[in-house]
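Each value in this text was obtained by applying a stated rule to the coordinates, not by laboratory testing. Remember, it's a predicted structure, so these values are computed and weren't measured experimentally. All Cβ positions, glycine included, derive from the backbone under ideal geometry; neighbour counts span all protein chains shown.
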Amino acid sequence: MAKSKRFFMYLFLSIAAIVSIFPFLWMVVSSTNQSVDVTRGRLLPGTHLLENLRKLLDTTDLQLSLMNSAKISITTTLLALLIASLAGYGFEVFRSRSKDIVFNILLLSMMIPFAALMIPLYRMFGQISNVFPWMGIDTMTSVILPTVTTAFLIFFFRQSTKMFPKELLEAGRMDGLSELGIFLRIYLPTMKTTYAAGAIITFMSSWNNYLWPLIVLQTPQTKTMPLLISTLGSGYAPDYGMIMIAIVIGTIPTALVFFVMQKQFVAGMIGSVK
Amino acid sequence: MHQTNSKLRFRTKSVLTGWSFVLLAVILIFVFYFYPMLQALILSFQTGTGSNLTFTGFDNYSRLLSDKTFIVSVKNTFIYLLVQVPLMIILALFISVLLNDSKLRFKGFFRTAIFLPCVTSLVAYSVVFKYLFSGNGLVNTMLLKLHLVSAPIEWITDPFWAKITIILAITWRWTGYNMIFYLSALQNIDHSIYEAAKIDGASSSRQFFGITVPLLKPIILFTSITSTIGTLQLFDEVMNITKGGPGNATQTISQYIYNLSFKYAADFGYAATVSYSIVIMIALLSVIQFKVAGDKNG
């Protein structure tokens with residue numbers, strides 16, 4: 001009885017693992033094959049990787065889209081971590097009734113669907129374009145500003161701050177550090193895993209953001225990777241090999257960030273769930 | 001007199017310090033969430049194309065009720081919601097309980113493999129799924145070779161199967177994400193509770209429903225609310241797998257809003273009204289989910 005249960009357990013997990021991994025394998029293998037072979041269902045690695053890559057570089061502005069995505073995601077991540085950790089720390093360390101009320105109001109923003117914001121935001125940035133073109137429609141700033149602050153990340157940092165030892169705060173005050181000094185020199189270095197988890201979450205959602213950039217970025221020069229992949233994928237006579245190499249390249253940064261920081265991510269998540 | 005003054009100054013200073021930490025975040029959330037939200041509400045009472053808008057009261061709201069495309073989009077969104085969210089949450093719970101077994105080998109491999117789909121962008125995996133499930137795609141080729149079907153299934157072009165494809169795709173992408181939350185919470189449960197239950201002769205299903213589910217309730221509530229909010233806003237997948245087709249068979253509310261504002265002649269007022277229908281649904285469903293969870297508590 002116990003043995004058959006064990007067997008079923010491993011079988012189930014193995015099927016789940018195969019189903020999860022298979023589309024990745026297919027995408028990587030297909031990026032090395034010719035379009036015809038992909039259609040024929042070839043599942044073995046081929047020799048057309050470089051040819052596919054050349055075609056991609058010739059027909060699209062791959063480097064530009066990669067740069068745009070990188071600039072937007074890195075800026076968003078750094079700013080988001082700074083803004084949200086300052087706020088999460090502030091709400092917890094300088095706790096007061098009025099701040100708790102404000103915090104709860106901020107949490108409500110998590111319930112607002114982006115679909116309800118996109119039209120007013122689009123009009124808002126349209127108006128900004130008339131005065132400050134450098135931060136209006138079709139600029140990096142217009143992508144970053146509305147997405148950089150999320151109540152989720154503030155909540156995440158506040159939860160983790162609950163575990164930050166208060167004695168360290170007192171010690172910092174005794175040493176004559178300013179409140180900002182305590183935050184920068186004591187809090188920030190001790191909360192590395194929280195920052196790592198926050199960085200992963202933010203970087204991934206920023207790198208993968210699609211709907212808002214689709215609306216606000218309107219010229220080929222400002223295209224991000226998801227927009228490039230979406231355009232390639234909607235063509236009528238798709239070159240599978242070439243599209244798959246674009247998808248592989250577009251997935252590498254988030255996969256890398258995840259695998260490098262996986263330990264901190266899991267640790268940070270456990271911290272926030274406690 | 002002097003002393004109280006300086007004390008007062010000190011208190012004001014520390015209150016100001018506290019607020020200065022949170023100020024930037026508060027301003028940004030108000031400017032980019034609550035202010036546009038209010039703007040959308042005002043817009044929802046206006047009609048016109050582009051920026052030529054006039055107030056027309058509740059016209060847009062009564063238009064909703066007779067708008068067939070809107071009704072189809074709501075229906076589709078609810079089909080995804082009612083089928084996909086429970087399916088994914090049960091699957092994620094089940095997998096995380098299996099992975100939490102202390103005697104399980106290759107735990108790290110299984111966990112990483114099942115979480116792997118979460119590193120892909122919604123657009124990227126949608127395009128991959130579109131090709132895998134196309135008429136002459138790999139899924140059909142394999143099903144035919146294994147003689148499981150006699151003719152290729154129209155995964156993308158049949159109204160019924162297209163919905164199934166979308167549901168399968170979303171489940172593939174998000175199950176591992178929810179699993180991580182459950183796994184984190186499971187690791188916080190004291191193992192002795194299970195040992196005691198075993199001694200009392202509780203079966204594994206009794207342990208699951210009697211211990212695991214009640215202890216994980218807050219996190220299950222959290223994931224079901226976030227998944228509900230996510231599904232009500234579904235856009236990327238449908239846009240990139242089926243484009244809402246065939247006809248409007250897979251179109252979601254978010255996609256309809258996008259079409260109204262940016263594809264056809266820009267009808268911002270009516271689009272804002274449609275978007276408020278999602279706001280109302282999210283509010284209602286969250287209240288219901290809190291109520292359901294609360295009742296079982298008592």
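Of note:
- A:MET174/A:SER96 FRET efficiency (R0 25 Å; Cβ-Cβ; nearest 0.05): 0.60
- This ranking places B:ASP59, A:ASP58, B:ASP67 by how few other beta-carbon atoms lie within 10 Å of each, fewest first, which gives A:ASP58, B:ASP59, B:ASP67.
- Chain A: angle of helix A:114-131 to the longest principal axis, Cα-based, in degrees nearest 10: 80
- Relative intensity of region B:78-136 on a log10 scale, I(q)/I(0) at q = 0.15, 0.24 Å⁻¹, equals -0.67, -1.05, per a Debye sum over C-alpha point scatterers of equal strength in the absence of solvent.
- Paired Rg and Dmax values of region A:131-210, which use every Cα atom, in angstrom: 17.0, 50
- Cα-centre dipole for region B:150-239 with unit charges at Cβ (Lys and Arg positive, Asp and Glu negative), debye to 20: 180
- Note on region A:123-170: Kirkwood radius taken over Cα pairs, Stokes-Einstein applied at 4 °C and 1.567 mPa s, translational D equal to 97 µm² s⁻¹.
- Helix A:2-30 axis, angle to chain A major axis (alpha carbon atoms, nearest 10°): 70
- In plain terms, the residue of B:ARG173, A:ARG40 with the fewest other Cβ atoms within 10 Å comes first and the most crowded comes last, giving A:ARG40, B:ARG173.
- In chain A, inverting the average of 1/r over every pair of distinct C-alpha atoms gives 21.9 Å as the Kirkwood radius.
- Ranked by how many other Cβ atoms sit within 10 Å of their own Cβ, fewest first, the residues B:HIS147, A:HIS48 fall in the order B:HIS147, A:HIS48.
- The magnitude of the dipole of region A:65-221, with charges of +1 and -1 set on the Cβ of Lys/Arg and Asp/Glu and taken from the Cα centre, is near 160 debye.
- Per-pair calculated FRET efficiency, R0 = 60 Å: B:THR54 and A:ARG6 via Cβ, rounded to 0.05: 0.30
- Taking one quarter of the surface of the C-alpha convex hull of chain B gives a mean projected area of 25.9 nm².
- Counting Cα-Cα pairs of region B:165-298 in 5 Å increments starting at 0 gives whole-percent bin shares of 2, 8, 14, 14, 15, 13, 10, 8, 6, 4, 3, 1, 1, 0.
- Projecting the alpha carbon convex hull of region A:34-166 along each direction and taking the average yields 14.1 nm².
- Euclidean distance of C-alpha centroids, region B:147-172 and region A:19-36, integer Å: 19
- Residue by residue along A:197-205, Cβ atoms of other protein chains within 10 Å of the local Cβ number 1 on average.
- Database remark: amide H of B:GLN46 closer than 5 angstrom to the amide H of B:THR56 (H placed geometrically; neighbours at sequence offset of 5 or more, or on other chains; Pro and chain starts carry no H).
- The spacing between region B:24-63 and region A:112-140, judged by their C-alpha centroids, is 14 Å.
- Relative to one another, the C-alpha centroids of region B:191-236 and region A:184-236 are positioned 31 Å apart.
- Across all C-alpha atoms in region B:210-285, the radius of gyration and Dmax reach 16.1, 56 Å.
- Cα-based radius of gyration of the protein assembly as shown once divided by 2.2 N^0.38 Å, which approximates compact folds: 1.03
- Of all complete DSSP H helices in chain B, those with a Cα span along the helix axis of 24 Å or greater and a mean Kyte-Doolittle hydropathy of 0.5 or more are B:2-29, B:68-99, B:159-187, B:213-232, B:268-297.
- Oblate is the label for region B:106-146, because the ratio a/c of its alpha-carbon gyration tensor axes (a ≥ b ≥ c) is 1.5 or higher and a/b is not greater than b/c.
- Subset of B:LYS163/B:LYS217; B:LYS163/B:LYS243; A:LYS99/A:LYS162; A:LYS166/A:LYS263; A:LYS162/B:LYS217 violating a 19 Å alpha-carbon distance limit: B:LYS163/B:LYS217; A:LYS166/A:LYS263; A:LYS162/B:LYS217
- Beyond 18 Å, the tail of the calculated P(r) for region B:32-116 holds 69 percent of the Cα pairs.
- Taking the Cα centre of chain B as reference, the dipole from Cβ charges on Lys and Arg (+1) and Asp and Glu (-1) amounts to some 720 debye.
- Binned Cα-Cα distances of region B:170-217, short to long, each 5 Å bin given as a whole percent: 5, 19, 25, 20, 15, 10, 5, 2, 0
- The mean of 1/r over all distinct Cα pairs in region A:25-81, once inverted, gives the Kirkwood hydrodynamic radius of 13.4 Å.
- Per-residue mean of foreign Cβ neighbours for B:90-99 is 2 (Cβ atoms of other chains, 10 Å radius).
- Helix axis angle, A:97-108 relative to chain A longest principal axis, alpha carbon, degrees: 10
- For A:LYS3, the lysines whose Cα falls under 16 Å of its own Cα, not counting residues fewer than eight places away in the same chain, are B:LYS103.
- Shape of region B:1-155, Cα gyration tensor, a/c cut at 1.5: oblate
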